[in-house]
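*Asks:* Below is the structure I would like to discuss, written out as structure tokens.
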Amino acid sequence: MSKSVQSKHARALAKKARWLKWGISLYPPYLGAGISVKSISADFRRIQVQMKLRWYNRNYVGTQFGGSLYSMTDPFYMLMLMQCLGPRYLVWDQASQIDFISPGKGYVQAQFQLSDEQLLDIQRQTAQGEKYLPVFQVNILDSQQRVIARVQKTVYVRLKPEYRPATQ
């Protein structure tokens with residue numbers, strides 16, 4: 001890929017990141033839960049999400065509602081992989097597990113990151129057309145950087161049929 005094509009692609013991806021940041025923050029389920037996207041890197045390798053404790057996202061005992069904590073983490077690894085791997089791949093959320101460590105009593109945040117090694121591993125694992133189920137972990141932290149919940153996300157990744165190698 002030429003430098004001008006790479007540069008054009010990078011600019012388009014950065015523009016998409018800016019639009020998606022606002023679009024997700026205004027998405028009614030997130031808006032209603034008080035979840036906002038703080039940042040999306042131009043290359044979609046890092047996303048930060050936050051949520052303040054409000055009257056409408058408190059549970060019965062006055063702490064962060066567990067469903068809202070989970071919602072903070074729901075689509076992000078899938079979205080990141082879709083952008084980083086490109087249109088040749090099918091990417092879906094497959095499974096998730098959340099462990100509540102301690103009550104969220106105020107502002108909480110989560111940061112999602114993808115490394116070059118993770119992306120290369122996914123490309124290697126799917127190169128012959130096989131599905132791959134990478135597992136990602138994200139911690140939800142309070143304002144003192146203490147872990148209040150730990151989430152594991154399993155994502156389904158596979159080359160689309162038209163890009164799979166011919167079988168022999």
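*Asks:* Quick one: net charge around Gln97, please, counting Lys, Arg +1 and Asp, Glu -1 for every other residue with C-beta under 10 Å from its C-beta. Spell out each step's value before the answer.
*Replies:* Values: positive: Arg150, Lys153; negative: Asp99.
Local net charge: +1.
*Asks:* Residues with beta-carbon under 15 Å from that of Tyr132, excluding Tyr132: net charge, scoring Lys, Arg +1 and Asp, Glu -1? Before the final figure, lay out each step's value.
*Replies:* On the way: positive: Arg88, Arg124, Lys131, Lys153, Arg158, Lys160, Arg164; negative: Asp93, Glu117, Asp121, Glu130.
Taking every other residue near Tyr132 into account, the sum is +3.
*Asks:* Taking only protein heavy atoms and a 1.4 Å probe, what accessible area per residue, in Å², does segment 108-168 have with all protein chains in place?
*Replies:* Details: 3520 Å² over 61 residues.
That works out to 58 Å² for each residue.
*Asks:* Sticking with this one: Please give the Cα centre distance for segment 30-48 versus segment 122-163, rounded to the nearest Å.
*Replies:* Using only Cα atoms to place each centre, the spacing works out to 17 Å.
*Asks:* Take every Cα pair under 8 Å in the chain that's 6+ residues apart, average their separations, divide by the length, and report that relative contact order as a whole percent. Spell out each step's value before the answer.
*Replies:* Details: 296 pairs, mean separation 35.1, N = 168.
Normalised by residue count, the contact order of the chain is 21 percent.
*Asks:* Could you list which residues have their amide H under 5 Å from that of Tyr89, counting only those 5 or more apart in sequence or on another chain, with H placed in the peptide plane?
*Replies:* Under 5 Å from the amide H of Tyr89: Lys160.
*Asks:* Let me ask you something else. To the nearest 20 debye, what is the magnitude of the charge dipole of the chain about its Cα centre, counting +1 on the Cβ of each Lys and Arg and -1 on the Cβ of each Asp and Glu?
*Replies:* Values: 23 positive and 10 negative charges, 122 e Å.
Dipole about the Cα centre, nearest 20: 580 debye.
*Asks:* I've got another one for you. In the chain, carbon and sulfur make up what percent of the accessible area (probe 1.4 Å)? Can you show the working numbers first?
*Replies:* Values: 5480 of 10070 Å².
In the chain, the share of accessible area belonging to carbon and sulfur is 54 percent.
*Asks:* Give the accessible area for Lys15 in Å² (nearest 10); use a 1.4 Å probe, count only protein heavy atoms, and leave out ligands, DNA and RNA.
*Replies:* Here the accessible area works out near 110 Å².
*Asks:* Separate question: If Lys and Arg each add +1 and Asp and Glu each add -1, what is the summed charge of the other residues whose beta carbon sits under 14 Å from the beta carbon of Arg58? Intermediate values should be presented prior to the final figure.
*Replies:* On the way: positive: Lys52, Arg54, Lys105; negative: none.
My count for the surroundings of Arg58 gives +3.
The values are calculated or read from the model by the stated rules, or taken from the named source; none is laboratory data. This structure is a prediction, so every number in the text was calculated from the model and none was measured. Neighbour counts are summed over all protein chains in view; Cβ atoms, including those assigned to glycine, are modelled from backbone coordinates with ideal geometry. The protein model used for the area step is the full one, side chains on, heavy atoms only, and it has no ligands, DNA or RNA in it. Shrake-Rupley method; radii C 1.70, N 1.55, O 1.52, S 1.80 Å.
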